Amino acid sequence: MANVKKAYIREKIIDQCLRSPFGYSTEEMKEKCNDALEVRGEKLITSLNTIRNDIRSIESRFNITVEEVRIGREIKYRYADPDFSIYNSPLTPDDILKLSESISILRRFSGTNGADWIDELEERLNTTVSVASHPVIGFQENRQFTGMKWFSPLFNAITEHQALLIGYKPFQEKFQDHTIHPYYLKQYNQRWFLFAYDEQNQRVSNFALDRIQYIQAADVKYRPNTTIDFEHYFDNAIGATVIAGAEPQLITLHVDAEQLPYIHSKPLHSTQEVVQKNEDGSALITIRVILNFELEQLLLSFGERVTVTAPEVLRQKIYGRIKKNLKNYE
């Protein structure tokens, strides 16, 4: 099912209907599902086939029989086993596999301040299901990243809508106090960044966690986020820096034949397109993003294999940085 959240809501309602000894018709189940979806602001379902497919999915996944009951001219559905519910059934092998995968992902936060619940959860699962005793998923992470100690306090402040006073020291700048209203945590290039409304600057700013010196609760009313959709906030950017008012620009890059397969398999950005293929195996590609520091760092990381051809302002900026770098080797 494409929308997992909607599918979960439907399945919960359908399970309640099928537990009734009198049964429910597919039309009645559809109406009950739509009542629940409407309350949550989700798109309503229009086809009875959606309900029928959900019933077949429950039968298949939980190895249970849903029987038809004819009442007059109407057909209703209920569990053949009146005591059955998908919420009191044992975990399926697929459920156990998903739990094991989830624990493997959560382990990367194990040991951080405030994350004791992860270890406790793992212990509880180990007593009931077979969870892999060793990691099976690897993440690139910086275990020496000093800012990780602030992750849990910031996460809690975001979920609890708590304004904060933080001590912050930008690189090569003076220490400053900031009263902030935290909204969002983002990881990029093995570092974590907090996005929060900053009362001093009166705008949403980002703060690198490793530059935070201290955190304490602020005695001010929390200002909720009503302007930024963080699900799409970074759509036009590479990295964690979104410059206020900056518009995405069309960037053209020459990629040599050796590098091209890698950029094909791992695009620089979702807007990447090949606009010209050359006889020597190289190509011109375009991306449409805002110009920021992370973009420059990414392009420089490819060395001589990727060349900026447009816009000229970015081409000159990369050229200037390469010239400075060459002086370090003279």
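At-a-glance table
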item	result
Net charge contributed by nearby residues that have their C-beta within less than 14 Å of His264 (K/R +1, D/E -1)	0
At R0 = 25 Å, FRET efficiency that the Cβ-Cβ distance of Gln200 and Tyr233 yields, to 0.05	0.75
Packing rank of 319-329, 42-52, where each peptide gets the mean count of other beta carbons within 10 Å, highest leading	42-52, 319-329
Descending Cα extents along the principal axes, region 191-330, whole Å	65, 38, 25
Extension reserve of the Glu27-Glu74 stretch, reckoned as 0.36 nm per residue once the Cα distance is removed	15.9 nm
Separation of the Tyr188 and Ser152 label points, Cα + 7 Å toward Cβ, nm	2.8
Over 25 Å (Cα to Cα) - which of Lys12/Lys43; Lys6/Lys266; Lys6/Lys76; Lys32/Lys76; Lys149/Lys169 fall in this group	Lys6/Lys266
Distance between modelled label sites at Asp177 and Arg56, nm, 7 Å Cα→Cβ extension	6.5
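Throughout, read-outs are computed from the coordinates displayed, never taken from laboratory work. Given the structure is predicted, the values throughout are model-derived calculations rather than measurements. FYI the Cβ positions are ideal-geometry reconstructions off the backbone, even for glycines, and counts take in every protein chain you see.
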